[in-house]
Amino acid sequence: MSLQTLFSGRKNGFAKHYPLAPKHSPYFIHRYLKNIIISVVGIALITGCAAQAPKPDPNFAATRPGATPPPQHHNGAIYHAGYEISLFTDYRARQAGDVLTIVLEERTDAEKESDTAIDKETSYSLTNPTLLGSAVQFDTPKWFPLASNKNNSLEMAAAVEGAFSGSGDSSQNNRLDGHITVTVAEVLPNGNLIVQGEKVITINQGNEYLRISGIVSPRDIQPDNTVSSLRLADVRLAYVGDGATQDANRMGWLTRLFFSKFMPF
């Protein structure tokens, strides 16, 4: 018997179980596809279980001030255009690129409770009809799921009862204190300032990201160029992190599956 005949499996089917089957054999193709599928599934599981570090958000990037125009030619006079100094101007943020310190004074308390109860009862009955003045009676075969006798009738009755009850409650308390200095991204036509900024703090093996954006009225800015976070409109505030501490607070993928909405129980 030649090796080609042995490996092709045309006579004895030995190539189906022989590890050195040629590449064109069904065994080799099946094994190759199986390895690819296992590798893809393994990579997907490892990627899904890995902690995804927050990436810098361009919506909170600092705004750079515009380029300074070149100095104008001196004409020999005492006062020159472009070098004005206002006697009543302070250092409060007023134009794009200026910095502003936001004092974080965030407090949120939320509670929610829900109760649900459902009861349902259904019953129906069918009396035995009368045919030509006599009640209908009949016999049933032995294989039918009824008692085999001549007194069977068409009378039926059934009742269905169901009940469901559920309850849930949740409470959440948040507090955020601190300071963050942001930049003015845009000056609106009415004079309000759109501010945005981000602070990244690296502690041991983790990073803390504090991001904030909103609209500030110049009237709310204090003389020391600070404003309370309570005075911001359309606020977007995020405090997230990554590292070992965040990984310890994150549920595993199997635990998340049991608590997901796809669980039928």
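Overview of results
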{"quantity": "Candidates A117, A135, A96 - the one that is modelled with pLDDT of 85 or more and either under 30 Å from I215 (Cβ atoms) or surrounded by 11 or more Cβ atoms within 10 Å (Cβ to Cβ) (or both)", "calculated": "A96"}
{"quantity": "Residues being modelled with pLDDT under 80 and loosely packed, with under 10 Cβ neighbours inside 10 Å - total across the stretch 148-164", "calculated": "4"}
{"quantity": "Filtered residue count, the stretch 208-242, keeping only those that are under 20 Å from the mean Cα position of the chain (by Cα) and among the charged types (D, E, K, R)", "calculated": "4"}
{"quantity": "Listing of strands (runs of 3 or more DSSP E) fully contained in the stretch 155-236 that carry 1 or more residues being in contact with a helix residue (DSSP H, G or I) (Cβ under 7 Å, 6 or more places away or on another chain) and of a type outside the set (F, W, Y)", "calculated": "193-203, 206-216, 226-228"}
{"quantity": "Cβ pairs under 8 Å, 6+ apart, first in the stretch 102-114 and surrounded by 10 or more Cβ atoms within 10 Å (Cβ to Cβ), second of a type in the set (D, E, K, R)", "calculated": "L104/D177; E105/D177; E106/R175; E106/D177; R107/R175"}
{"quantity": "Residue tally, condition loosely packed, with under 11 Cβ neighbours inside 10 Å and β-branched (V, I, T), over the stretch 165-202", "calculated": "2"}
{"quantity": "Any hit, the stretch 66-76, residues being modelled with pLDDT of 70 or more and assigned to a loop (DSSP other than H, G, I, E, B)", "calculated": "no"}
{"quantity": "Close pairs (7 angstrom Cβ cut-off, 6 or more residues apart or separate chains): closer than 30 Å to K112 by Cα in the stretch 153-173, surrounded by 10 or more Cβ atoms within 10 Å (Cβ to Cβ) and among the hydrophobic types (A, V, I, L, M, F, W, C) anywhere", "calculated": "none"}
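The values are calculated or read from the model by the stated rules, or taken from the named source; none is laboratory data. In this text, all values refer to a predicted model and were calculated from it rather than measured experimentally. As a convention, Cβ positions derive from the backbone with ideal geometry for all residues, glycine included, and neighbour counts pool all protein chains shown.
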